[in-house]
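Enquirer: Sending over a structure as structure tokens; questions will come in a sec.
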Amino acid sequence: MTARATTADLRRQTAAAPARAPSLWARIAAQLAGYAEQRGADRGALLEAAGLPPAALADPDARVPLEAFYTLVEAAVAALADPHLGLGFAGRFQPEHLDALGFLAMSSPTLGEALRRMLRYQQLWNEGERYTLEIRGDRAHLGFAPFGPDRPAHGQMAEVFALDVLVNAGQMSGAPIEAIAVRFRHAPAGDPAEKERRIGSRLAFGAPATELVMPAEVLERPLPHANEALAAFLERQVGALAARLPGAAPAPPALAQRVRSLLGEQLREGADLPALAARLRMSPRTLQRRLRDEGTSLNALLDEVRRARAAALLEADMAIAEVAYLLGYSEPSAFHRAFRRWTGATPEGFRARAAEARAARPSGR
């Protein structure tokens, strides 16, 4: 593809191309491989296990398959016998490691705008994983969903996400972030107390979805290197990079994220395909096709939104029948079945564990 390709050319090429596996920046895989090598792992063996030739990481702006990166993470955990590898890697991560995108975040006026810009261009640094930001009253909910069937790397990446937001982004804004809740979908690998020490918060595992909950006022924190003129320049550069991704949407955020936001506003109505399509100004068939191109579906997105909202409602000690109603289930029994599918536990059991965790929380935290 040349720089002279027209918009029509790009659309024809995208329509004719087979579905691609999601990818991420090679710079991130190279940084992980370098970190593991510094700690004593055999870099060549790690790359071979992941099916990544060394040349694939030579260009930081190149792309590597996301699933190969997951395999690289798992190989590094095994080679170093370190179940906290993701936390160690995240602890060394700096915004400038993401090049123009990292500098765009740093030059934003507030922490909230920095996070929104990172989410706006998430497909640039990672096409497959999904990050969301939703404000509910006086709380901000940041969600994370990995790509593909459950595997060990998903837990590592969820912990990277938590430390990067609560510790790294906190440091960027002048102080660590005191989370209201940190919920992980995965079971802990290694010592949970060590994970809590590094992240700086009480952690809940086996939740319906991975989610950080923090005071919404945290998003208003000013950033010390704010420079809107520089940010505007960098956003043009980052936007141009994102637009060159194969199959990239004309403008972020991705359609799936827009649908999630709309579903969150009308959970009781469920996934009303014609109504959602009308709000997005497209036909129901086009909406289904475009979601399929992004590797998801309307029902899958509704399931994600319900799963993420369920934990907060249960922890608020709301009656289970009321939770089921607010999430759009016709009967509490349908909610019970869904919740057990998400977590392997009953809603009652999850709420009991959450209450125990709150009771065990040291006073003042």
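Enquirer: Any idea how many residues of segment 94-111 are under 22 Å from V213 (Cβ atoms) and surrounded by fewer than 20 Cβ atoms within 10 Å (Cβ to Cβ)?
Expert: The qualifying residues number 1.
Enquirer: Working only within segment 134-152, note down all residues that are over 28 Å from Y70 (Cβ atoms) and either surrounded by fewer than 16 Cβ atoms within 10 Å (Cβ to Cβ) or among the polar types (S, T, N, Q) (or both).
Expert: If the condition is that a residue be over 28 Å from Y70 (Cβ atoms) and either surrounded by fewer than 16 Cβ atoms within 10 Å (Cβ to Cβ) or among the polar types (S, T, N, Q) (or both), then I135, R136, G137, D138 are the ones that fit.
Enquirer: Now, a different point. Return the residues of segment 123-152 that are touching a helix residue (DSSP H, G or I) at 6+ places or on another chain (Cβ under 7 Å) and under 18 Å from T343 (Cα atoms); say none if nothing qualifies.
Expert: G143, F144, A145, P146, F147, G148, R151, P152
Enquirer: I've got another one for you. For the condition closer than 20 Å to R92 by Cα, in the same structural domain as Q123 (by TED's automatic domain parsing) and aliphatic (A, V, I, L, M), what is the one hit in V165, V238?
Expert: The conditions single out V165.
Enquirer: So which residues in segment 42-63 are touching a Ser or Thr at 6+ places or on another chain (Cβ under 7 Å) and either of a type in the set (S, T, Y) or at pLDDT below 95 (or both), if there are any at all?
Expert: Within segment 42-63, just R63 meets the criteria.
The values are calculated or read from the model by the stated rules, or taken from the named source; none is laboratory data. Here the structure is a predicted model, which means the values were calculated and not measured. Neighbour counts are summed over all protein chains in view; Cβ atoms, including those assigned to glycine, are modelled from backbone coordinates with ideal geometry.
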